[in-house]
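**Student:** Provided herewith is a single structure, encoded as structure tokens, for subsequent inquiry.
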Amino acid sequence: MSTAWRVVIVGGGFGGLRAAQNLKSDFVEVTLVDRRNYHLFQPLLYQVATGSLSAGEIASPLRGVLSGQKNTRVLLGTVVDLDPESKHVTLQDGAVLQYDSLIVATGSQTSYFGHNEWQEWAPGLKSIEEATTIRHKILYAFEVAERISDPAQRRAWLTFVIVGAGPTGVELAGAIAEIARQTLRNDFRSIHPEEAEVILLDGAPRVLMNFPEDLAEKATRSLGQLGVQVKCGEMVQHVDKEGLTIASGGQADTIAAKTVIWAGGITASPLGKILATRTKAETDKGGRIKVQPDLTVPNYQDIYVVGDLASAADEHGKPLPGLAQVAMQGGAYAAKAILRRVKGQPELPPFRYFDKGSLAVIGRAAAVANVFGMHLSGFLAWLVWVSIHLMYLVTFQNRLTVFIQWAIQDLTFNRGARLITGVAPTDFNFDREVSGVRSAPEITLR
């Protein structure tokens, strides 16, 4: 029977994986539990959604990543409950895991602000499944438009709306615009893909609200050069199969769009609510756990919360953003704090986040970056974005394959993962998809 300190980590994302890697010690016995068997590099999910990369190029099996850590085991499972008094977590299959220290790093999920029914028509982008759904919707729209003769219906299929103008929304809008204007421009015969309309919506007064204003303005100009329409100060009121209704200045308007993508907000993972109930911890409006300066739950010094699930503040009282680097630094801090406790060493000072900056890519050789107080844009910012994302990919194989794919794409504008999965092209049913269309339109070669 092992006498090592038992650490259970829930979640194999940036925070959980970094914590596990920093707990490589004979003093602890680590169990990492995740409902997926892989670590996902979420900042590049939009490239899976837009056909630049395949899912396997941004995901790494957790067992493979941690195979060299003999004190660590990986379990595939979903934590559905926990008991902070008896110090155990319960999995969906009934299994119980005892712990001496618990790290909860289950991240976040898409928030529809009380309108979860919109999810059917406007998928979010938090998982590989959602990314492939979005890729299907984007490519399928061009395929359907190729076979429609009615101009209004064709326009609806060639209108793409992204709700939310944070980094994910900006990157999606730029990528879809590049697909239409570069990647697909010579692939069709009865439509002109470059005439597709890409609209970026947000209720905020400008894009990239967490970036300095000058960089947000440059991002807006870069999007405009790609043909993206940026509409800020617009609130979504309704989303359905035909498009969406928006409101601005007391006036409502409708946009006919068959492809709507939601990048408008996040909320805590379901385990966050369970943790808050069991520990009586306070949460913020997004359901995140308000943690102590050492990232522990109030009154429970053995439970750490890191990443998107934690509501923490910097030394000035400003809430920490939901970024990968925040999660990684939090995971490393929690691991170091646990090892100090186990070894009987003095406790760490409160967690301090070191802000390395914010990045967003708009398109080929175009990005904005706020790095160590320097405001960069254009090609230089794009180089920084490429370097940092390659560096943060977990395995060397992922770094190499992504680098090669990016090099090919930048030279040729080709996106090799343009696969429509889920529904085969022979499954088109135009009686269902488009009322009144009985046959393919006359094709004009061009």
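Just so it is clear, none of the values below were taken in a lab; they were calculated from the coordinates. In this text, all values refer to a predicted model and were calculated from it rather than measured experimentally. So basically every Cβ, Gly included, is an ideal-geometry build from the backbone, and we count neighbours across all protein chains shown.
**Student:** Cα axis of helix 270-279 to longest principal axis of the chain: angle in degrees, 0 to 90, nearest 10?
**Tutor:** Value to nearest ten degrees: 30.
**Student:** Please identify every one of the chymotrypsin sites (Phe, Trp or Tyr not before Pro) in the stretch 333-393 that sits in a loop by DSSP and has no more than 13 other beta carbons within 10 Å of its own beta carbon.
**Tutor:** In loop regions of the stretch 333-393 (DSSP not H, G, I, E or B), the sparsely surrounded chymotrypsin sites (Phe, Trp or Tyr not before Pro) are Phe354, Phe372.
**Student:** Which angle from 0 to 90°, rounded to the nearest 10, does the C-alpha axis of helix 213-225 make with the longest principal axis of the chain?
**Tutor:** 40 degrees
**Student:** A follow-up question, please. Helix-only mean residue ellipticity at 222 nm, the chain, DSSP H runs n ≥ 4 weighted -39,500 (n - 2.57), per residue, nearest 500. What is it?
**Tutor:** -9000 deg cm²/dmol
**Student:** To test your reading of the geometry: what angle, between 0 and 90 degrees and rounded to tens, separates the Cα axis of helix 324-343 from the longest principal axis of the chain?
**Tutor:** Computed tilt is about 10 degrees.
**Student:** Next up: Give, as a single signed number, the net charge of other residues whose beta carbon lies under 11 Å from the beta carbon of Ala105, with Lys and Arg counted +1 and Asp and Glu -1.
**Tutor:** Here the charged neighbours net out to -1.
**Student:** Report relative contact order for the chain in percent, whole number only (criteria: Cα-Cα under 8 Å, sequence separation at least 6). Working shown, then result.
**Tutor:** Values: 889 pairs, mean separation 88.5, N = 446.
Answer for the chain is 20 percent.
**Student:** Any idea how far apart Glu242 and Arg352 come out in nm if each label point goes 7 Å out from Cα toward Cβ?
**Tutor:** Here the answer is 5.8 nm between the modelled labels.
**Student:** Further question on the same structure: Using the Cα centre as the reference, give the magnitude of the dipole from point charges on the C-beta atoms of the stretch 329-372 (Lys, Arg: +1; Asp, Glu: -1; all else neutral), rounded to the nearest 20 debye.
**Tutor:** 180 debye
**Student:** Name the trypsin sites (Lys or Arg not before Pro) in the stretch 123-206 that are in a loop by DSSP and that have at most 15 other C-beta atoms within 10 Å, would you?
**Tutor:** Arg185, Arg189
**Student:** For the residue pair Leu400 and Arg206, what label-to-label distance in nm results when each label sits 7 Å from Cα along the Cα-to-beta-carbon direction?
**Tutor:** Rounded to a tenth, the inter-label distance reads 4.4 nm.
**Student:** What does the charge count around Val402 come to, taking other residues whose C-beta lies under 14 Å from its C-beta (Lys +1, Arg +1, Asp -1, Glu -1)?
**Tutor:** 0
**Student:** Give the separation of the Cα centroids, the stretch 228-292 to the stretch 123-167, in Å.
**Tutor:** So the two Cα centres are separated by 19 Å.
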